[in-house]
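Only one structure is covered here, and it is reproduced in the block below.
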Amino acid sequence: MTETAPAPQNQQPAPDARRPKTLAEKVWDAHLVQQGEDGAPDLLYIDLHLVHEVTSPQAYDGLRAEGRPVRRPDLTIATEDHNTPTVDIDKPIADLTSRTQIETLRRNAKEFGIRLHSLGDVEQGIVHIVGPQLGLTQPGITVVCGDSHTSTHGAFGAIAFGIGTSEVEHVLATQTLPLQPFKTMAITVEGTLKPGVTAKDVILAVIAKIGTNGGQGYVLEYRGSAIRALSMEGRMTICNMSIEAGARAGMVAPDETTFAYLQGRPHAPKGEDWDAAVAYWRTLPTDDDAVFDAEVFLGADELEPFVTWGTNPGQGTTLSGIVPDPATMTDPQQRESAERALQYMDLTPGTPLKEIKVDAVFMGSCTNSRVEDLRQFAAIVKGRTKAEGVRVMVVPGSARVRLEAEAEGLDKIFTDFGAEWRFAGCSMCLGMNPDQLAPGERCASTSNRNFEGRQGKGGRTHLVSPVVAAATAIRGTLSSPSDIEAEVLV
Amino acid sequence: MEPFTTHTGVAVPLTRSAVDTDQIIPAVYLKRVTKTGFDDALFAHLRQQPDFVLNDPAFAGGSILFAGPDFGTGSSREHAVWALRDYGFKAVFSPRFGDIFRGNSGKQGLLTGVITEEQVETCWAAIEAQPGITATVDLTTTTLTISGTSIPFEIDAYTRWRLLEGLDDIGLTLRDEPRITAFEAGREAWRPTTLPVGDR
């Protein structure tokens, strides 16, 4: 049967240069190859395509089957991260299927002319650490990757979002994506964070407030004095977890902090190009009279170190609190979900969170594995010994982060503490490599998802900041940095 | 992609909310480099529980899934769609889907229809009364029929059109290739490239 294209559904007005716009709208409009009509999506140009071994093999197969080349290898970069081992990286990968996946990426990169940073290369690492580190992630660009945490790159004022493998193939073939426009949501965080309260606590509090589906269909723009005061690393942590609130993307307007981070990086513009780029980047922040589709406000001064107690990132509360009682929840779905979560987590309502013992501490992932995160962790554990029986893994986000940390002597602090200092990769965030929890093991983790089985089948995850992870590694129970007499860097 | 017009098959109740893509297919199954053969990986951890719905012989050959709200949230893994498809599912109904999952489904011919929570519960009740009962999905009328009850479902018009026609996205986009070339001609020279820095 044949039908004509669908009738108008959510027709957008033509882009109008004079209309006040949000940051997201400005970047979107600057990338319109074609405006969708009659309910059809817009066709958006993609400036930067990041590729890794897990979500790409089938995309290359698709290209091969159709005889299509990669349209812009010069806007594409690949790295190995999800499967890579974090020890013995000079030996062949023991897991045969992991090895096949890595070898497939290497073959595809060679065949299609894609720049690849393989295990052992100084630029290898988690794709979301590598892009910013090289200066490839820049304000006002569009970034995609077959990974939901691509939202990380929005910290630079880019539109950055995760895509599925069919879309990976689409971008490889056309350097564009058909997309319906996102709605815009402002998340304004005003005030000053208390010592020991980090960007991670801000985003966990945001997710607890709006829920794991609160951001659905939106691009979130984080604003306000508390966001402006954050480093690029902190902004990346926040944007990284936008997907955990259901949003495709998160953004922070570029400012002097952004420019200072970028200047001098290998792929940042240079000379006159730099001046032209900065002049353009300064036009990107949301216009004063622009209107968001939704707004959320959060006071920074009241925030406390946060921790999740359940099996989705919205099931969290302040670390000084107790395990909640599902019986007090009025929404039946929320109650059912909490009951199931507490059963999986083996937790009893009313238990003070700080009494919960952990078996492992994982310091790493695209959320918190930049050198600033490692410094925060190191400042607390320095000169101490980890709690007995607790396994502590520190996994840098990239090979370069590892080198930077070693140049500062952080590796010595970690190993003296009793932690394992490992090579770069996604590691125990999702347990695709051998770094996994055993069934029933409980972990304080600086990663982004506390889903059932995420860190290993039957593993139990509490999401925390690097400083809470450090304090927990010292005491063996979920702990706040204020429970330890230590210098806190944040 | 095969066009999708109507489908009749065994209705399967998944009576939980917030089934993220890690639950649909755990990460250890993402290591394959093929696009098919993921049927054994579908709900792999949950299937180890004897009372999990897919272990109930009444639902053998199930092809229409009725899930609670927030189905397919979290990770972007398209493998979640491949696993559902390879198992034999043609359509999933839920009051709310994860955005990326829903987009991925549309590209693989898996229909995702939104119905209300009450309607999902109606379907669950109908299935509970007659386990193994079939349902019929009609995409031309965007109606779902189960146990004599007709329920309208929501799907965006563009995805519906592509499913009905069985259209491939890349082919559609490449029809407008000259526009892409024209756009590229206007891009600022200072925009980043991934070429090794010395080669610029």
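The values are calculated or read from the model by the stated rules, or taken from the named source; none is laboratory data. Just so we're clear, the structure is a prediction, and the values are computed from it rather than from any experiment. Every residue, glycine among them, receives a Cβ derived from its backbone with ideal geometry; neighbour counts consider all protein chains shown. Calculation scope for accessible area: heavy atoms of the full protein, side chains included, ligands and nucleic acids excluded. Shrake-Rupley method; radii C 1.70, N 1.55, O 1.52, S 1.80 Å.
Some observations on this one:
- Between 0 and 90 degrees, the angle of helix A:57-66 with respect to the longest Cα principal axis of chain A falls at about 20 degrees.
- The stretch A:337-490 - share of DSSP beta bridges that are antiparallel (%, nearest 5): 5
- Principal axis box of the stretch A:289-372, alpha-carbon based, largest edge first, Å: 48, 40, 23
- Solvent exposure of the stretch A:23-168 amounts to 26 Å² per residue of accessible area, where only protein heavy atoms count and the probe is 1.4 Å.
- Once backbone amide H atoms are built at 1.01 Å from N, B:Thr143 has B:Asp138, B:Phe153 as its partners under 5 Å, excluding neighbours fewer than 5 places away on the same chain.
- Within the stretch A:25-67, the GluC sites (Glu not before Pro) that combine a DSSP coil assignment with at most 12 other C-beta atoms in a 10 angstrom radius are A:Glu37.
- Relative contact order for the stretch B:1-82: 53 percent, from Cα pairs under 8 Å spaced at least 6 residues apart, divided by residue count.
- Euclidean distance between Cα centres, the stretch A:253-300 to the stretch A:414-461, Å: 34
- Where N is the number of residues in the stretch A:152-291, Cα Rg divided by 2.2 N^0.38 Å: 1.11
- Element breakdown for the stretch A:149-270 at a 1.4 angstrom probe: carbon and sulfur atoms account for 53% of the accessible area.
- Proximal aspartates and glutamates relative to B:Lys90, as straight alpha-carbon distance under 18 Å, when same-chain residues fewer than 8 apart are discounted: B:Glu2, B:Asp39, B:Asp40, B:Glu78, B:Asp138, B:Glu154, B:Asp156, B:Glu165, B:Asp168
- Kirkwood Rh in Å, taken over all unlike Cα pairs in the protein assembly as shown: 25.4
- Heavy-atom accessible surface of the stretch A:413-490: percent carbon and sulfur, 1.4 Å: 47
- Contact with the other protein chains removes 50 Å² or more of accessible area, compared with the isolated chain and a 1.4 Å probe, from these residues of the stretch A:158-173: A:Ser166, A:His170.
- Take every Cα pair under 8 Å whose residues are at least 6 apart in sequence, average their separation, divide by the length of chain A, and the relative contact order is 16 percent.
- Ranked by how many other beta carbons lie within 10 Å on average, peptides B:6-17, A:88-99, A:278-289 from highest: B:6-17, A:278-289, A:88-99
- Greater than 20 Å apart at Cα, pairs in A:Lys200/B:Lys31; A:Lys354/A:Lys382; A:Lys91/A:Lys457; A:Lys21/A:Lys270; A:Lys200/A:Lys354; B:Lys35/B:Lys107: A:Lys200/B:Lys31; A:Lys354/A:Lys382; A:Lys91/A:Lys457; A:Lys21/A:Lys270
- The residues of the stretch A:378-459 expose, per residue, 33 Å² of accessible area to a 1.4 Å probe.
- Relative pair counts by distance (%), Cα atoms of the stretch A:57-158, 5 Å bins: 2, 11, 20, 22, 20, 15, 7, 2, 0
- Between the beta carbons of B:Asp138 and B:Thr15, assuming R0 = 35 Å, the FRET efficiency works out to 0.90 to the nearest 0.05.
- Percent of Cα-Cα distances greater than 17 Å, calculated over the stretch A:217-272: 45
- Summed buried accessible area for A+B [probe radius 1.4 Å, Å², rounded to 100]: 6400
- Neighbours of B:Ser76, meaning other residues whose beta-carbon lies under 15 angstrom from its beta-carbon, give a summed charge of -4 when Lys and Arg score +1 and Asp and Glu score -1.
- Net charge, B:Glu117 excluded, C-beta distance under 15 Å - Lys, Arg +1, Asp, Glu -1: -3
- Full-extension gain in nm, A:Arg228 to A:Asp275, via 0.36 nm per residue minus C-alpha separation: 14.7 nm
- Formal net charge of residues neighbouring B:Pro13 (Cβ-Cβ distance under 12 Å; K, R +1; D, E -1): -2
- Normalising the Debye intensity of chain B to I(0), with uniform scatterers on Cα atoms only, and taking log10 at q = 0.11, 0.12, 0.13, 0.15 Å⁻¹ returns -0.56, -0.64, -0.73, -0.91.
- Degrees, to the nearest 10: A:199-210 long Cα axis against longest axis of chain A: 70
- For the stretch A:328-374, residues shielded by at least 40 square angstrom of accessible area compared with the chain on its own, probe 1.4 Å: A:Gln333, A:Arg340
- Relative contact order of the stretch A:408-461, defined on C-alpha pairs under 8 angstrom at six or more residues apart (%): 29
- The apolar share of the surface of chain B, taken as the fraction of accessible area on carbon and sulfur atoms (1.4 Å probe, ligands and nucleic acids excluded), comes to 50 percent.
- From the C-alpha gyration tensor of the stretch A:331-456, square roots of 5λ in Å: 29, 16, 12
- Contour minus Cα-Cα distance for A:Asp416 and A:Lys91 (0.36 nm per residue): 114.4 nm
- In the stretch A:419-455, comparing the full protein assembly with the chain on its own, the residues that lose 20 Å² or more of accessible surface at a 1.4 Å probe are A:Leu430, A:Met432, A:Arg449, A:Phe451, A:Glu452, A:Arg454.
- Across the stretch A:120-233, the fraction of Cα-Cα pairs farther apart than 19 Å, rounded to a whole number, is 54%.
- Taking every protein chain into account, the accessible area of chain B amounts to 38 square angstrom per residue (probe 1.4 Å).
- Amide H within-cut-off set for A:Gly250, under 5 Å, with H built and near neighbours excluded: A:Gly154, A:Ala160, A:Leu220
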